[in-house]
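Beneath this line is the structure, given in structure tokens, with notes to follow.
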Amino acid sequence: MSHASYSIALIAEILDASPVFSDTEAMISQLATDSRSVIYPAESLFFALKAQRDGHKYVDDAYKNGIRNFVVTEKGSLEKYEDVNILVVSDVLLSLQNLSAYNRSQYDLKVLAITGSNGKTIVKEWLYQLLANDFNIVKSPKSFNSQIGVPLSVWQIEEEHTMGIFEAGISRSGEMSSLAQIIKPTIGILTNIGEAHAEGFFSHAEKLKEKLKLFNNAELLIYSPDYTTGLSPKDLPAKAQFSWSLKEKADLQILFIEPIESKSYIRALCKGIEIECLIPFRDNASVENGIICWATLLALGYSGKEADARLEKLTRVSMRLELKTGINQCSVIDDSYSADTSSLAIALDFLNLQNQHAKKTLILSDLVETGKSNEILYTEIAALLKQKNLHRLIGVGPNISSSDEFFDLEKVFFKDTQSFIQNFPALHFNNETILVKGARKFEFERISKLITLKIHDTILEIDLNALSGNLQFYRNKLKSGVKVMAMVKAFSYGSGSFEIANLLQYNKVDYLAVAFTDEGVSLRKAGITIPIMVMSPEPSGFDAIIKHNLEPEIYSLDILKSFSGYLNDNDYDYPIHLKLDTGMHRLGFEEPDLPDLLRTLVETTKLKVISVFSHLVGSDSASLDEFSVHQLNRFTDMANDIEAGLNYSFIRHISNTSGITRHPDAQLDMVRIGIGLYGFDGNLLNNQSLRTVAVLKTTVTQVKKLKANETVGYSRKGVLSGGGDIATVKIGYADGYNRKFGNGVGIMIINGKRVNTVGVICMDMCMLDVTGLDVKIGDEVIVFNSELPIVELANQIDTIPYEILTNISQRVKRIYFYE
Ligand SMILES: *Cc1c(COP(=O)(O)O)cnc(C)c1O
């Protein structure tokens, strides 16, 4: 096992817990906060955190997954198990932090702590790239920087490490002291400080003071006076400081920055001597983060020359896992930015969340984890693969190849990426999910290119974390016990099918709903096992409904009788959902239909009413509030009649997305969330608190200069009276970019600038007026994102976000991101 272990008895003492022991010898090496992702259950200690959800609800799941050691505030349902150790504490989060702080106190190593509003993760990853040759480094996985993420990160420290690099983020006053006690930094790094209000602080000064608390006991602080205005030098924490500045005298005083092709050449004065460096990026954020890394290297004692040599080799850090469509019905998860055990575990969790293919394959390079013998490292990886139910391993590199014997699954090894590519046809990728994970020097992007479908230049990026975040936003608005039905009809409002459904299933929604039977069938084929309601079941699809265990919405006596007639005589209690018409006048039973409905239902034992529901016509609109209340009352009356007639109860639901926030009384037993998941709610001002899920991008295919009086596109509709520049981009009405956006109505963003369409929108492309802008072939063009929101597009052509989203055609490839 990788991590040093502590006995549960010692942990009980450290946490000052009231223990109930079944086995005081149990050794703990892993901390778990999510019952779904445990790697070594026998050695894991589960913390029932009251975070977004109450972890106490998941202790049974954790038990089922093999966990036997728990930290809780009350024994609750654990009491029924005989083979568990329970540590009862008054504050579970504090206990997690205390245990991690104890682990930290056992080791004496250089610890770099990074905080600031922006750039923490990039600076951390870059310092890792810059220092990995000289130290055996442990670092925060991804952006684990919260009250929970920091203790989980610091817990990873063990004997062999000579340096730790951790990031710390806070969202309100008072949080930093606890992080400081866990990390105990020796060196502090302050990155960019942004707007105070964006992060829940009163003022800039308050925010700065809070952040700096991280460094109170540090030896050295690396900072910029550009970000500490209002603070006198004596107020700065740490025993010594090393400053950098673009504006004033500093230990590293930047003299000038000059772009050279895609790089930035920087000259600076360091303790009176002129030095220089070349950073392989041009954008402002990267340059600033690069300077912070430069300052850190100098402060650590590296020479200007050495620092320059290292900085030049920095590579871009992508924190996202990308899920793409692969060749031969495969799905490909692309994660080639780092190859270490903890990021592998995270990527494998994402792999396991995708159930659309029965087979799971991992293409893995040698791991660069200095300090561990091959035997220990690859035994660990082998255990991880077994625990995550991998089917096939394709190892690339000399080390993993020579560790063949440890792996107990279908496997094949190649000495390098080139020989993988030569043997590629023999690997027969077909209908499987493939995780591609390699250290940078193996250049696995060559492998991903081979196994993913070529992406046409217009893509819709879907941020799965944002979608989970939006689900959580609504969960927090629900009264306790209210269930969630997630609407995934119309290709999940244009965002995808099984990719979204898998995520929702993983996040434990109670129901999914689709419009048509075939949508439900494809979800079942993709491994979705939670209940699925079909809203427009057609008799020709009844066979498929029953075969795939889908649940029909019954909206008329005809459909009720024909479905019932379709079932076999010995079928019993088949789940159905009754739709009531309370004012939409679209589908559903009305009051006068109820006697016949009830008579038919009572006569048969084949059917069981699982839920009764209706739909609000104007839940987002103040002017219709009265009507919404009227619908709710009518619904309640009718549902009561049905319940009395059937003599059993069922789930009642009437609210869609905007009803959740606007009409809390209408939450009933369940809510149906649709558009809110995808980031829109007519009832929230500017969709506040919701995250943007979808970004539509395309590229410039050609740039042209126009003379006065020349025209653009069909029918000569596009006119730039004085001439100008136009860019042709690869999106047209066949992709879902409505013709109404033509002739200057529509706006896109190129290189950060808003530009208008010119001329009519064609089938596969359209033209933009880029007069006076520096636009080149291949430049990225944003059609919508968080800065150019879909709501704005909808307003431009007098429609609603629903239509913009669902119109994006299937030929536009979707890419899914997960952090
Ligand atoms: C689509 C749909 C919803 C979801 O509505 P949103 O406004 O997208 O939340 C809810 N109920 C029914 C019956 C629907 O058809």
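The values are calculated or read from the model by the stated rules, or taken from the named source; none is laboratory data. Predicted, not measured: the structure shown is a model, and the values here were computed from it. Don't worry about glycine lacking a Cβ; one is built from the backbone with ideal geometry, like all the others, and counts go over all protein chains shown.
Going through the stretch 260-297 one residue at a time, which ones are part of a helix (DSSP H, G or I) and among the hydroxyl-bearing types (Ser, Thr, Tyr)? Spell out how you get there, then give the answer.
Just the residues of the stretch 260-297 that are part of a helix (DSSP H, G or I), to begin with: 284-297.
Within the stretch 260-297, 286, 296 qualify.
Here's the yes/no breakdown for (1) part of a strand (DSSP E or B); (2) farther than 30 Å from residue 473 by Cβ; (3) touching a residue at least 40 places away in the same chain (Cβ under 8 Å):
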{"site": "586", "(1), (2), (3)": "no, no, no"}
{"site": "617", "(1), (2), (3)": "no, no, no"}
{"site": "644", "(1), (2), (3)": "no, yes, no"}
{"site": "660", "(1), (2), (3)": "no, no, yes"}
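In the set 436, 412, which member is under 19 Å from residue 452 (Cβ atoms), at pLDDT 90 or above, of a type in the set (Val, Ile, Thr) and in contact with a helix residue (DSSP H, G or I) (Cβ under 8 Å, 6 or more places away or on another chain)?
When all the criteria are applied, what remains is 436.
Can you pull out every residue in the stretch 565-584 that is within 17 Å of residue 538 (Cα to Cα), in contact with an Asp or Glu (Cβ under 9 Å, 6 or more places away or on another chain) and not in a strand (DSSP E or B)? Spell out the reasoning first.
Kept after step one, since they are within 17 Å of residue 538 (Cα to Cα), are these residues of the stretch 565-584: 565-567, 574-579.
So of that shortlist, the ones also in contact with an Asp or Glu (Cβ under 9 Å, 6 or more places away or on another chain) come out as 566, 574-579.
Within the stretch 565-584, 566 is the sole residue that qualifies.
List the number of the failed condition for residue 548; all other conditions in (1) under 19 Å from residue 607 (Cα atoms); (2) in contact with a Phe, Trp or Tyr (Cβ under 9 Å, 6 or more places away or on another chain) hold.
Every condition holds for residue 548 apart from (2).
Take residue 696 and tell me if it is away from the ligand (no atom under 15 Å from the Cβ), in contact with a strand residue (DSSP E or B) (Cβ under 8 Å, 6 or more places away or on another chain) and either under 26 Å from residue 463 (Cβ atoms) or among the acidic types (Asp, Glu) (or both).
Judged against the criteria, residue 696 is a match.
Quick check on residue 711: is it more than 16 Å from the ligand (Cβ to nearest atom), under 26 Å from residue 813 (Cα atoms) and either among the polar types (S, T, N, Q) or without any contact (Cβ under 8 Å) to a residue 24 or more places away in the chain (or both)?
Here the answer is no, as residue 711 does not meet what is asked.
Would you mind telling me which numbered condition in (1) over 30 Å from residue 375 (Cβ atoms); (2) among the small types (Gly, Ala, Ser); (3) modelled with pLDDT under 95 residue 32 fails?
For residue 32, the failing item is (1).
Filter the stretch 662-680 for residues that are near the ligand (Cβ under 8 Å from one of its atoms), in a helix (DSSP H, G or I) and either closer than 19 Å to residue 584 by Cα or acidic (Asp, Glu) (or both) and give the result.
675
Which strands (runs of 3 or more DSSP E) does the stretch 54-145 wholly contain that include 2 or more residues that are within 30 Å of residue 313 (Cβ to Cβ)?
Passing ranges, in order: 110-115, 137-139.
Given the condition more than 16 Å from the ligand (Cβ to nearest atom) and either of a type in the set (S, T, N, Q) or out of contact with any strand residue (DSSP E or B) (no Cβ under 8 Å at 6 or more places or on another chain) (or both), answer yes or no: does some residue in the stretch 609-621 qualify?
Checked the stretch 609-621: no residue is more than 16 Å from the ligand (Cβ to nearest atom) and either of a type in the set (S, T, N, Q) or out of contact with any strand residue (DSSP E or B) (no Cβ under 8 Å at 6 or more places or on another chain) (or both).
Name the single residue, out of those in the stretch 281-319 being more than 18 Å from residue 114 (Cα to Cα) and of a type in the set (A, V, I, L, M), that is surrounded by the fewest Cβ atoms within 10 Å (Cβ to Cβ).
Restricting to residues being more than 18 Å from residue 114 (Cα to Cα) and of a type in the set (A, V, I, L, M), the top hit is 309.
Those residues that are within 12 Å of the ligand (Cβ to nearest atom), under 26 Å from residue 665 (Cα atoms) and surrounded by fewer than 23 Cβ atoms within 10 Å (Cβ to Cβ), I need them from the stretch 481-490; list them, please. Show your work before the answer.
So the first thing to find is which residues in the stretch 481-490 are within 12 Å of the ligand (Cβ to nearest atom), and the list is 484-490.
This time we only want the ones that are under 26 Å from residue 665 (Cα atoms), so: 484-489.
The answer is 484, 489.
Within 16 Å of the ligand (Cβ to nearest atom), more than 20 Å from residue 493 (Cα to Cα), part of a helix (DSSP H, G or I) and of a type in the set (Val, Ile, Thr), is that true of residue 636?
No.
Check whether at least one residue in the stretch 229-250 is buried (at least 21 other Cβ atoms within 10 Å of the Cβ), within 21 Å of residue 117 (Cα to Cα) and among the hydroxyl-bearing types (Ser, Thr, Tyr), and report yes or no.
Yes, because at least one residue in the stretch 229-250 is buried (at least 21 other Cβ atoms within 10 Å of the Cβ), within 21 Å of residue 117 (Cα to Cα) and among the hydroxyl-bearing types (Ser, Thr, Tyr).
Scan the stretch 613-624 for residues that are out of contact with any Ser or Thr (no Cβ under 9 Å at 6 or more places or on another chain) and not hydroxyl-bearing (Ser, Thr, Tyr) and jot them down.
Within the stretch 613-624, the first condition is being out of contact with any Ser or Thr (no Cβ under 9 Å at 6 or more places or on another chain), and the residues that meet it are 613, 622-624.
If the condition is that a residue be out of contact with any Ser or Thr (no Cβ under 9 Å at 6 or more places or on another chain) and not hydroxyl-bearing (Ser, Thr, Tyr), then 613, 622, 624 are the ones that fit.
For the stretch 491-519, enumerate the residues that are within 14 Å of the ligand (Cβ to nearest atom), of a type outside the set (Phe, Trp, Tyr) and part of a helix (DSSP H, G or I).
Within the stretch 491-519, 492, 500, 504, 519 qualify.
Quick one: how many residues across the stretch 438-456 are buried (at least 17 other Cβ atoms within 10 Å of the Cβ) and either of a type in the set (S, T, N, Q) or part of a loop (DSSP other than H, G, I, E, B) (or both)?
5
Out of 471, 435, which single residue is more than 30 Å from residue 764 (Cβ to Cβ), within 16 Å of the ligand (Cβ to nearest atom) and not in a loop (DSSP other than H, G, I, E, B)?
The unique qualifying residue is 471.
Enumerate the pairs (first residue in the stretch 787-802 and over 15 Å from residue 757 (Cα atoms); second residue anywhere and small (Gly, Ala, Ser)) with beta-carbon separation below 6 Å, excluding pairs fewer than 6 apart on the same chain, so at least 6 apart or on different chains.
Short answer, once both residue conditions are applied: 800/794; 801/794.
Would you confirm, using the coordinates I've provided, whether residue 331 is hydroxyl-bearing (Ser, Thr, Tyr) and either without any contact (Cβ under 8 Å) to a residue 60 or more places away in the chain or within 30 Å of residue 133 (Cβ to Cβ) (or both)?
Taking the combined requirement at face value, the residue does not satisfy it.
Condition first: assigned to a helix (DSSP H, G or I) and not aliphatic (A, V, I, L, M). Now tell me which residues in the stretch 588-615 satisfy that.
591, 592, 593, 595, 596, 599, 600, 603
Test each condition in (1) within 16 Å of the ligand (Cβ to nearest atom); (2) out of contact with any His (no Cβ under 8 Å at 6 or more places or on another chain) for residue 533 and report the one that comes out false.
Condition (2) is where residue 533 drops out.
Identify, please: which residue in the stretch 765-780 is under 19 Å from residue 459 (Cβ atoms) and modelled with pLDDT of 95 or more and is, among those, surrounded by the fewest Cβ atoms within 10 Å (Cβ to Cβ)?
The selected residue is 765.
Examine the stretch 496-511 for a residue that is closer than 17 Å to residue 560 by Cα and either of a type outside the set (A, V, I, L, M, F, W, C) or in contact (Cβ under 8 Å) with a residue 24 or more places away in the chain (or both), and state whether such a residue exists.
Of the residues in the stretch 496-511, the ones closer than 17 Å to residue 560 by Cα are none.
Scanning the stretch 496-511, I find no residue that is closer than 17 Å to residue 560 by Cα and either of a type outside the set (A, V, I, L, M, F, W, C) or in contact (Cβ under 8 Å) with a residue 24 or more places away in the chain (or both), so the answer is no.
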